1. Test of understanding: ordering K60, K192 by Cβ neighbours within 10 Å, fewest first, what list do you get?
2. Could you line up T108, T431 from fewest to most neighbouring Cβ atoms inside 10 Å?
3. Kindly write out, for the range 259-273 in residue order, the coupling ³J(HN,Hα) from the Karplus curve 6.51 cos²θ - 1.76 cosθ + 1.60 (θ = phi - 60°), rounded to whole Hz, with x marking Gly and Pro.
4. Please identify the chymotrypsin sites (Phe, Trp or Tyr not before Pro) of the range 106-176 that satisfy two criteria: DSSP loop assignment and at most 14 other Cβ atoms within 10 Å. Which are they?
5. For the pair E151 and A257, how long in nm is the line joining their label points, each one 7 Å along Cα→Cβ?
6. Determine ³J(HN,Hα), in whole Hz, for all residues of the range 171-188 in sequence, where each value follows from phi through the Karplus function 6.51 cos²θ - 1.76 cosθ + 1.60 and θ = phi - 60°; x replaces Gly and Pro.
7. Given the Cα-Cα distance of A103 and E115 and 0.36 nm per residue of separation, how much length would full extension add, in nm?
8. Would you grab the residues whose amide H sits under 5 Å from the one on I260? Only those 5+ places off in sequence or on another chain, please, with H modelled 1.01 Å from N.
Amino acid sequence: MTSKIKVDNINKVSDDSNIIKKCGTTITLGASGDSIALASGASQTGFGRTGTVDWQTTPKTATFTAVDGEGYFINSGSALTANLPAGSPGAIVAFSDYARNFATYNFTVAANGSEKIGGLAFDAILNINGQAATFVYVDATKGWVNVQNAEDTETGLPPFVSATGGTETISGDFKIHTFTGPGTFTVTNAGKACGSNTVDYLVVAGGGAGGSAAPGNTAAGGGAGGYRESPGAASGCYSVSPLGAAPAAALPVPVQAYSITVGAGGTGSPSNCAVGGSGTVSTFSTITSAGGGGAGSCGSRTGIDGGSGGGGSGGGFNSDKGTGNTPPVNPPQGQPGGKSNPNSGAPPDGGAGGGGGATEAGVVAGSPGVTSGRGGAGATTSISASPTAYAGGGGGGSYTVTTGGAGSPCGTGGAGGNPVVGPLSNSVAGTTNRGGGGGGAGGNPSAGTGIGANGGSGIVIIRYKFQ
């Protein structure tokens, strides 16, 4: 049998003899580069649908009825509904979450009358942010069938780190996240090298508490919380402390949620001759700073090791200091405390040692001209956009002289107690969210207990270029 095609009903648009070609059972209309157009009022059948829609570029903001062959962007500020047209085989409609908030404002796709969606006579709900879906009407059995569903649609990403969490502030082109308590730093874009793809950090742990004294003895100052800092070059070349030197480095931050821990300060005990409690760790990503060591008290009680070490107690005994930078990291996160010196117990040599600070060891008690050791110096950084001191050691307590050991000169350690000019418990706590060591309690020949001051809580600060 020979197949025929009547060319009388085709209007030739050129004299090209290849406008209609037959090769076996294949009929070709037109030549390469030609466009085939149907006359006004004409229709095509038997070719099937290509699976595409004509997207309407004015986003929908209210409930509407969809038209076969069209796609719609949904800009919802409330829950919206699209009513599907009456189903006919091959009909197609599509929807896309323009505002990317379908999770908040669910979008409903409602079938016409009793027609089905996916074989069920119920509405379809799109509830994923950025979701896009395409529906084709097949037959009365299944009705509208979802042939394409995207739940993770792509967006353009800026070449900068983007994140949320903590207290957020801005300094020029840099964003600063400050955590004074536990929280989550959530990175939503890891950035690129041409913009930013690392963050600078400051992680300070809780400081150790000063020791508590008893009659005839003095207690030492607590060690500062561990201090760890990046060099600062990744986010604006701000001024950093010496501890921001290499091999410390800014951190890459792949997209994920980072749990932040902010260490509490150690607690002073009301018991006679009690060693001060150590501070607890602060953490961000791979960075952990150790809590400051609690201070020694009475007799030969030695200061505790930690980020910075607690000082050694006084009262005529050779009490040693706690070791700093424990566990060890490079650059070191802190320094050792100061120890007391052996003596008869009479002033001026009966004082206690100061707690270690981030950049200086606690001062040894009984050094020339010193009754009680002051706390070691802390460190100053401008990561928060303002020069601020952190992690100073607490001062050692005195016996019967008029001055307790001073807190750190550069940092936030509390001064040691001085019972001559006040109550036994007049030692000073480390400053909150600065990681300073607490001051040691002063001794006194009379009855009573001097309570060591608490260490200051730590802090975590994260900074990066965001535009």
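1. K192, K60
2. If I rank by nearby Cβ atoms, fewest first, I get T108, T431.
3. Each residue of the range 259-273 in turn: 6, 9, 10, 10, x, 7, x, x, 10, x, 9, x, 7, 4, 6 Hz.
4. Within the range 106-176, the qualifying chymotrypsin sites (Phe, Trp or Tyr not before Pro) (loop, at most 14 other Cβ atoms within 10 Å) are F122.
5. 1.8
6. 10, x, 8, 10, 9, 10, 10, 10, 10, 9, x, x, x, 9, 9, 9, 8, 9
7. 1.7 nm
8. When sequence neighbours closer than 5 places are left aside, the close amide H contacts are G183, T184, F185.
Computed from the coordinates by the stated procedures, all read-outs in this text should not be read as laboratory data. All figures in this text were calculated on a predicted structure; none of them were measured in a lab. Cβ atoms come from the backbone with ideal geometry, glycine included; neighbour counts cover every protein chain shown.
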